[in-house]
Amino acid sequence: MTTAPATTPQAAMRLRELVFGAACAAAVRAAARLGVADALGDTPTTVTDLAAALDTEPKPLRRLMRALTCYGIFHETGDDRFEHTEMSRLLREDAPNSLRYISLWCTEPWTWEAWPKLDEAVRSGRNVFPELFGKEFFDYLHSEGGDSAKVFDKAMTTSSRQSAADFAEYLDLTGIDSVVDIGGGQGHVLASLLEKHPALHGTLLDLPKVVAGADPRLRDGGAFAARARLVPGDCRVDIPVHADLYIIKNILEWDDESTRRTLANVVLAARPGARVVVVENLVDDSPSMRFTTAMDLMLLLNVGGAKHSKESLVRLMTEAGLDVAEVRPVNPYLHAFEATVRG
């Protein structure tokens, strides 16, 4: 008879902390909504002074701050004073790489209703959002989502601007005269590339209402208008653009069928040998796996989508008629799949 190994106190404590993970997320959300990071200056500040600036009660604010210090968000210096840490500064709205709106987006009210249904989504393999709210996710977001829709737009805009700069720095455009950003949203990637490469011409392809709100630099009268073309359309239906380089960034995460249609449309539009760069968060072989696997589960809940592994994306690209040459990191969160259209 074998005896089960004894549970270590460290394992038990760690699991207890994990199951209270909602408390940590809620604390970050509360700090972001209250504007704690924006109110805290460059020197240690007492809870009393901070509470006065935020119009909150000092005692519960102290409890919130102490909870956040356990995760490295703010630091208690003594004498009832708190100061910034590297992480807490990211909650400031004016931080260069602010995560304030990402923090709010990932903790929006609908998420607290969806997460407890994860076991149902795992059993069925389907999203639970329509069951909860009576509509598909984006239909709900833009009709009844209220402030959540605004938070989503701000979160996606700040995230896109940050990753666009990294991607523009990563991308070697030697021999490339024209580029199309497929499903490129407001066109932050395209604008970054046109800014860095004065001879480059580019096209932004996205849904009509998305293209209508494109980066002002790409629209009539904008700094890059002479070299930019805005094309309304759905990449899952058609890609009516010829270019030397096709960029597909963070849009192949719905289902394999829509991914196949998008990639097939690229191959139909492009000449043999044209370059294709697919950029995605990965659920494997990435330093950001805790983040990306969490995003993967959220996609299952809200739209029934999934983040890719390196293997799954290479397989789909190869099946579509693309020859994948290499996979390289853009930053700790994104990987670029470098490919060409098969001749």
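The values are calculated or read from the model by the stated rules, or taken from the named source; none is laboratory data. Quick caveat: nothing in here was measured; it's all calculated off a predicted structure. A quick note on method: Cβ atoms are made from the backbone with ideal geometry, for glycine too, and the neighbour counts reach across all protein chains shown. Keep in mind that these areas ignore ligands, DNA and RNA; they rest on the heavy atoms of the full protein, side chains included. Shrake-Rupley method; radii C 1.70, N 1.55, O 1.52, S 1.80 Å.
Here is how the numbers come out for the structure above:
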| item | result |
| --- | --- |
| Nearest-ten-degree value, helix 310-320 long axis tilted from longest Cα axis of the chain | 20 |
| Protection proxy ranking, peptides 327-339, 284-296, average beta carbon neighbours within 10 Å, highest first | 327-339, 284-296 |
| Between 0 and 90°, nearest 10: helix 21-34 axis offset from the chain longest Cα axis | 90 |
| Accessible-area value, residue 74, 1.4 Å probe, nucleic acids and ligands omitted, Å² | 0 |
| Carbon + sulfur, % of accessible area of the chain - ligands and nucleic acids excluded, 1.4 Å | 55 |
| Gain in span if fully extended, residue 242 to residue 11, counting 0.36 nm per residue against the direct Cα distance | 77.6 nm |
| Normalised contact order of the chain, rounded percent, pairs of Cα under 8 Å and 6 or more residues apart | 12 |
| Where labels lie 7 Å past Cα in the beta-carbon direction, separation of residue 293 and residue 138 in nm | 2.9 |
| Gap separating the Cα centres of the range 248-292 and the range 162-178, nearest whole Å | 17 |
| Spherically averaged projected area in nm², based on the convex hull that wraps the Cα atoms of the range 118-157 | 3.3 |
| Potential extension, residue 161-residue 93 segment - 0.36 nm per residue separation minus Cα distance | 23.1 nm |
| Descending Cα extents along the principal axes, the chain, whole Å | 67, 67, 39 |
| FRET efficiency, 1/(1 + (r/R0)^6) with R0 41 Å, evaluated for residue 85 and residue 177 via beta carbons | 0.35 |
| Along each principal axis, Cα extent of the range 207-279, largest first, Å | 38, 27, 20 |
| Mean projection area, nm², convex hull over Cα of the range 204-343 | 8.8 |
| DSSP beta bridge pairing in the chain, given as percent antiparallel to the nearest 5 | 45 |
| Over 26 Å (Cα to Cα) - which of 117/307; 150/307; 154/310; 135/310 fall in this group | 154/310; 135/310 |
| Accessible area of residue 119 in the full protein assembly, 1.4 Å probe (Å², nearest 10) | 80 |
| Difference of contour (0.36 nm per residue) and Cα-Cα distance, residue 19 to residue 117 | 33.7 nm |
| Stokes-Einstein translational diffusion, the range 263-343 - Kirkwood Rh over all Cα pairs, 1.567 mPa s, 4 °C, in µm²/s | 97 |
| Using alpha-carbon coordinates, inclination of helix 256-269 to the longest axis of the chain, degrees | 40 |
| Equivalent ellipsoid dimensions for the range 1-79 as semi-axes, Å, which come from the Cα gyration tensor, largest first | 35, 13, 10 |
| Residue-averaged 222 nm ellipticity for the chain, from DSSP H runs of 4+ at -39500 (n - 2.57), nearest 500 | -13500 deg cm²/dmol |
| Zone of residue 229's modelled label, taken as backbone nitrogen in the range 242-256 under 18 Å from a point 7 Å along Cα→Cβ | 242-248 |
| Sequence-separation-based contact order of the range 69-203, relative, with Cα cut under 8 Å and 6+ spacing, percent | 15 |
| Stokes-Einstein D (µm²/s) once Rh is taken as the Kirkwood radius of the range 147-268 over alpha-carbon pairs, at 20 °C in 1.002 mPa s | 146 |
| FRET efficiency for residue 59 and residue 209, using Cβ-Cβ distance with R0 set to 45 Å, rounded to 0.05 | 0.45 |
| Accessible solvent surface per residue of the chain, calculated while the other protein chains remain in place, 1.4 angstrom probe, Å² | 52 |
| Amide proton proximity set for residue 244, modelled H, under 5 Å, gap of 5+ | 177, 178, 179 |
